[in-house]
1. Out of Ser173, Ser162, I need the residue that is polar (S, T, N, Q), more than 25 Å from Ala81 (Cα to Cα) and out of contact with any Asp or Glu (no Cβ under 9 Å at 6 or more places or on another chain). Which one?
2. Which strands (runs of 3 or more DSSP E) does the range 32-143 wholly contain that include 3 or more residues that are open to solvent by less than 30 Å² (accessible area, probe 1.4 Å)?
3. Determine the pairs where a residue that is touching a residue at least 24 places away in the same chain (Cβ under 8 Å), located within the range 106-127, has a partner that is surrounded by fewer than 20 Cβ atoms within 10 Å (Cβ to Cβ) and in a helix (DSSP H, G or I) with Cβ atoms under 6 Å apart, the partner being 6 or more residues away or on another chain.
4. Take the residues in the range 168-193 that are over 22 Å from Gly110 (Cα atoms) and out of contact with any strand residue (DSSP E or B) (no Cβ under 7 Å at 6 or more places or on another chain), then tell me which one is surrounded by the most Cβ atoms within 10 Å (Cβ to Cβ).
5. Mind checking which residues of the range 80-108 are in contact with an Asp or Glu (Cβ under 9 Å, 6 or more places away or on another chain) and charged (D, E, K, R)?
6. If you check Val151 against the conditions, is it touching a Phe, Trp or Tyr at 6+ places or on another chain (Cβ under 6 Å) and open to solvent by 20 Å² or more (accessible area, probe 1.4 Å)?
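The values are calculated or read from the model by the stated rules, or taken from the named source; none is laboratory data. Bear in mind that the values here come from a model prediction, so they are computed numbers and not experimental data. Ideal geometry is used to build each Cβ from the backbone, glycine not excepted, and the neighbour counts take in all protein chains shown. Ligands, DNA and RNA are stripped out before the accessible areas are found, and what is left, the full protein with its side chains, is counted by its heavy atoms. Shrake-Rupley method; radii C 1.70, N 1.55, O 1.52, S 1.80 Å.
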Amino acid sequence: MTRREFITLVSSAAAIRPLGARAERPPERVLYFTYSAGYRHDVIPLSEAILTQLGRNSGAFEVIATEDLSEFSTGNLERYAAVMFYTSGEIPMGGAQKTALLNFVRSGRGFLGVHSATDTFYTWPDYLDLIGGYFNGHPWHQGVTIEVADVADPLVAFLGNSFQLNDEIYQISDFDYRGSRVLLRLDQRSVDL
């Protein structure tokens, strides 16, 4: 399975399953933050388009994509159900902006860190707690086996016990599994460590 096939499969399942319940209420707003203070991934514009289309097709969410740091105020964040980072480097956020983001998450709203979001804010300890670990290289781009860690969770139950994926595999340092709910994990026997 390729990365694109996997994203399509997971996104389709997430978008189709709850359509009946979501059709009765307006879509939630998701702030998709793509600021790059380090390496900028060429796929970011495509990811914005795909997320926007997934939201539109499902009727469940609306994506607001930005690199505008001013969105990180208490008042602005109130408009969103979740914040999604596809970021890199030491983003020039001030203390009030960082506090607004942390309070947003502490209030029960969502935070998703995608790909290089783990390559962000190395000097902000609260971000490490939020993201769960830091990027520590990606030496593999190959076919691997992904194990479904929680086969009872409806987000991943349809995948079975494991599946094959051809992808760029990130190594993560400072990972604290106690603060994370792991749904999928790399079968380390499927790669040459």
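1. Details: Ser162 fails: out of contact with any Asp or Glu (no Cβ under 9 Å at 6 or more places or on another chain).
The conditions single out Ser173.
2. 82-85
3. Sorted first by the residue in the range 106-127, then by its partner, the pairs are Phe111/Val105; Asp126/Leu102.
4. Gln171
5. Lys98
6. no
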